[in-house]
1. Looking for whichever is basic (Lys, Arg), touching a residue at least 24 places away in the same chain (Cβ under 8 Å), assigned to a strand (DSSP E or B) and surrounded by 14 or more Cβ atoms within 10 Å (Cβ to Cβ) here; the options are Arg264, Arg223. Which one fits?
2. Looking at (1) exposed (fewer than 11 other Cβ atoms within 10 Å of the Cβ); (2) at pLDDT 95 or above, which is the one condition that is false for Pro279?
3. Tally time: how many residues in the range 194-207 are within 13 Å of Gly245 (Cα to Cα) and assigned to a loop (DSSP other than H, G, I, E, B)?
4. Can you tell me which of Gly140, Gly191, Gly174, Gly146 is touching a Leu at 6+ places or on another chain (Cβ under 8 Å) and either surrounded by fewer than 14 Cβ atoms within 10 Å (Cβ to Cβ) or assigned to a loop (DSSP other than H, G, I, E, B) (or both)?
5. Let me confirm something: among Arg166, Arg106, which residue is in contact with a helix residue (DSSP H, G or I) (Cβ under 8 Å, 6 or more places away or on another chain) and either among the aliphatic types (A, V, I, L, M) or surrounded by 16 or more Cβ atoms within 10 Å (Cβ to Cβ) (or both)?
6. Scan the range 124-177 for residues that are of a type in the set (Lys, Arg) and under 18 Å from Arg249 (Cα atoms) and jot them down.
7. Does Ser148 meet the test of being outside the structural domain of Asp81 (by TED's automatic domain parsing), within 22 Å of the chain's Cα centre (by Cα) and of a type in the set (S, T, N, Q)?
8. Condition test on Arg178, is it closer than 28 Å to Cys156 by Cα, outside the structural domain of Gly85 (by TED's automatic domain parsing) and not polar (S, T, N, Q)?
Amino acid sequence: MNTLTEHLKTGTTTVCRAWLIERKDGVALGFTDHDCVVSFDGKTFSASGGMTVTSLEARTGLSVDNGEALGVLSDAGIHEDDVKGGLFDDAEVTFWLVNWQDTQEREVTFRGKLGDVRTSGGQFHAELRGLTDQLNQPRGRTYQKGCSAFLGDGNCQVDLNQAAFRLEGIVAEGSTSRVLLLATDGAHDKGWFTRGHLSVDTGAAAGLSGEIKNDTLSSGLRRIELWNPLGVAPEIGATVSAYAGCDKRFDTCRYKFLNTRNFRGFPDLPGDDWMLRYPNSAEPKDGGSRR
């Protein structure tokens, strides 16, 4: 019999909740709603970090357990720059119900990851996603004209570290968190990195990345506009890397990346216009291409 269950049956309980956030960079943060520090399994759960959990919904079967965590941004726990910098994205989360007088009496009530994390009014708001959320990811291939692979992945096999597909630049004055002006060697054509991605290599924003919306040349500098601003604006002199973009078309795969053998689309797939056409005796019917 679970000792915590026996404790709950007494009617007079000394229980609290404890939760642990484990970020991908190895940092672990523990919190509790008890008024004193709680420790077990070599982990310490702070009572001063200021984090609460609301609307935690647990379901049976393969339904996703969801909830929301609220917390105070403080020097002792979670910093706004860390949240904006993406350090808490996809962090693993574990909740316990614990008897604070005897921490051996405890039970895991939730295990999952942080989803969308945002800040406002000195607080952070984090979406909680249960482990079964991973089962909701789409699988399999789609029959479409465009390529279904991601540029540079195992299906595409393009090496984005080649000089032809990668640019290293220095952040110049006038840059923001969304529009970066880069001093580069100018070896790549205008628009070469549109639909690609950019990562910050050095400085306070190191490790952040974003998807490229537009890539133009202006006054000897390369102007890269991102779809969404970075959590922290790169400082002047920081080094960034930009990687070529792909629009998923067969001609782009053929002429830009020389990678037709790994194209994962169906460029000759008939479209809706062909399917709705009526018979015409003037057209050849020799089984040839309809392109």
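1. On the way: Arg264 fails: assigned to a strand (DSSP E or B).
Sole residue among the options that is basic (Lys, Arg), touching a residue at least 24 places away in the same chain (Cβ under 8 Å), assigned to a strand (DSSP E or B) and surrounded by 14 or more Cβ atoms within 10 Å (Cβ to Cβ): Arg223.
2. Exception for Pro279: condition (2).
3. First, pick out the residues of the range 194-207 that are within 13 Å of Gly245 (Cα to Cα): 194-198.
Of the ones still in play, those that are also assigned to a loop (DSSP other than H, G, I, E, B) are 194-196.
Looking only at that region, the number is 3.
4. Details: Gly140 fails: touching a Leu at 6+ places or on another chain (Cβ under 8 Å); Gly191 fails: touching a Leu at 6+ places or on another chain (Cβ under 8 Å); Gly146 fails: touching a Leu at 6+ places or on another chain (Cβ under 8 Å).
Testing whether each residue is touching a Leu at 6+ places or on another chain (Cβ under 8 Å) and either surrounded by fewer than 14 Cβ atoms within 10 Å (Cβ to Cβ) or assigned to a loop (DSSP other than H, G, I, E, B) (or both) leaves just Gly174.
5. Working: Arg166 fails: in contact with a helix residue (DSSP H, G or I) (Cβ under 8 Å, 6 or more places away or on another chain).
Result: Arg106 is the single residue among Arg166, Arg106 that is in contact with a helix residue (DSSP H, G or I) (Cβ under 8 Å, 6 or more places away or on another chain) and either among the aliphatic types (A, V, I, L, M) or surrounded by 16 or more Cβ atoms within 10 Å (Cβ to Cβ) (or both).
6. To start, the set of residues in the range 124-177 that are of a type in the set (Lys, Arg) comprises 129, 139, 141, 145, 166.
Passing the criteria: Arg141, Lys145.
7. Values: outside the structural domain of Asp81 (by TED's automatic domain parsing): yes; within 22 Å of the chain's Cα centre (by Cα): yes; of a type in the set (S, T, N, Q): yes.
In short, yes.
8. Values: closer than 28 Å to Cys156 by Cα: no; outside the structural domain of Gly85 (by TED's automatic domain parsing): yes; not polar (S, T, N, Q): yes.
No, not satisfied.
The values are calculated or read from the model by the stated rules, or taken from the named source; none is laboratory data. The model shown is predicted, which means the values in this text are computed figures rather than measured ones. Because the Cβ atoms are built from the backbone with ideal geometry, glycine has one as well, and the counts that use them run over all protein chains shown.
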